[in-house]
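A short worksheet on the structure shown next.
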Amino acid sequence: MAGRDNGFPAKACRKITLAVGEGYRTAMRGFADQTFMDVWYTHVDIEPVLAQFRSQVKAKRYKEGQKLLAKAHTSDTMKAVGKLTTVAGGQRRIISDPPLIVPVEEVFPDVQADAIYTLLNTVLGKYRRTLQSDRRHLLEQFAMVQAARKVVGVGSVGTRAYVLLMDAGDGVEPLFLQAKEAQPSVLAEYAGRSQYTNQGERAVAGQHLMQAESDIFLGWTRVVNPLDGIDRDFYVRQLKDWKFSVPIEQMLPEGMILYARLCGSTLARAHARSGDRIALAAYLGGSDKFDQAIADFAETYADQNERDYAALQTAVKEGKVEATTEI
């Protein structure tokens, strides 16, 4: 999809998708020969990786990529505070931006809003117990000032998600947390029930297991929703932490091949930590059969994506749906 969007020829797109499979397969076979501790401590140092891309990204865009990396280093909770809040009457308040972020008191009537705040304070109180002691001590220096309902990404559509504005009491050290409802995995129907009875714990355990560095405030809990009396599982983390993605729309074909291979090897590291790396390596084998299968799937997926987009465009022209673009 990315290659086609960049206008790359079909042959180049095929090479890119083959690189994903090759990166995953070769990395997994490498992990199979390593000790558990070596696999656990493997990580990607982003600066050397960026250096590899320098000759494969459009020259005039390379500096923009460096700016994006610098931006990632500052993409923390303080940036979220500056973007999502304002100071009114000497107090920091969440800016209402419907439908994406709306303060709880604007979403619900007074009684229901009070119930939601009770719910979220209960979430904070119980969730703290799942943090290791030093991080729990740090979090206990903060108290919730305000909360807002937040519209989240595709994977969490339809679930309850709130942003919690916290403050250390001096008014100059705010902290943004995000509480997201966790429901059973869509894979449970096919892979069997999770070993975790709490879906928030399942999500947190998965992130701890697969991520090289997880958020220090990542934790979970279960509370009764006062509005419907139903138990709800939540996991909590900071709203912002360091995140960086190479700007693929600025890449040349060779640069995207490097990026694809990196994505494949990074996923392999997560699977090598969470699964049986030796069995996976044996299944993948030494040939490119797996790589070809991934490339075939990618082409089929991209074809379907284009058909779906065409159907959306038709629906917009016929007035069946409304589409807006915001930057």
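The values are calculated or read from the model by the stated rules, or taken from the named source; none is laboratory data. No experiment lies behind these values; they were computed from the predicted model shown. Please note: Cβ atoms are built from the backbone with ideal geometry, for glycine as well, and neighbour counts cover all protein chains shown.
Just a few scattered comments:
- Extreme residue, surrounded by the most Cβ atoms within 10 Å (Cβ to Cβ), among residues of the stretch 139-150 that are under 26 Å from A205 (Cβ atoms) and in contact (Cβ under 8 Å) with a residue 24 or more places away in the chain: A147
The rows are residues; the columns are (1) hydroxyl-bearing (S, T, Y); (2) in the same structural domain as G286 (by TED's automatic domain parsing); (3) under 18 Å from A281 (Cβ atoms).
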site: G7; (1), (2), (3): no, yes, no
site: A10; (1), (2), (3): no, yes, no
site: I16; (1), (2), (3): no, yes, no
site: V20; (1), (2), (3): no, yes, yes
site: G23; (1), (2), (3): no, yes, yes
site: T26; (1), (2), (3): yes, yes, yes
site: R29; (1), (2), (3): no, yes, yes
site: T35; (1), (2), (3): yes, yes, yes
site: V39; (1), (2), (3): no, yes, yes
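- Per this entry, D134 is counted among residues that are among the acidic types (D, E) and within 27 Å of A205 (Cβ to Cβ).
- Positions within the stretch 6-29 being closer than 12 Å to M256 by Cα and either in a helix (DSSP H, G or I) or of a type in the set (V, I, T) (or both), in sequence order: A12, C13, R14, K15, I16, T17, L18, A19, V20
- Residue check for G285: of a type outside the set (D, E, K, R), in the same structural domain as R14 (by TED's automatic domain parsing), over 30 Å from Y127 (Cα atoms) and modelled with pLDDT under 90: no
- Flag for T26 being under 30 Å from E173 (Cα atoms), surrounded by 15 or more Cβ atoms within 10 Å (Cβ to Cβ) and either touching a Lys or Arg at 6+ places or on another chain (Cβ under 9 Å) or at pLDDT below 65 (or both): no
- Restricting the stretch 211-241 to residues that are among the acidic types (D, E) and surrounded by fewer than 18 Cβ atoms within 10 Å (Cβ to Cβ), the residue that is farthest from A113 (Cα to Cα) is E213.
- Subset of the stretch 106-151 (residues that are of a type in the set (S, T, Y) and touching a Gly at 6+ places or on another chain (Cβ under 7 Å)): Y127, T130
- Pairing residues of the stretch 165-188 that are more than 13 Å from V145 (Cα to Cα) and assigned by TED's automatic domain parsing to the domain that holds D231 with residues that are charged (D, E, K, R) and surrounded by fewer than 16 Cβ atoms within 10 Å (Cβ to Cβ), at Cβ distances under 9 Å and at least 6 apart in sequence or on separate chains, gives P184/R193.
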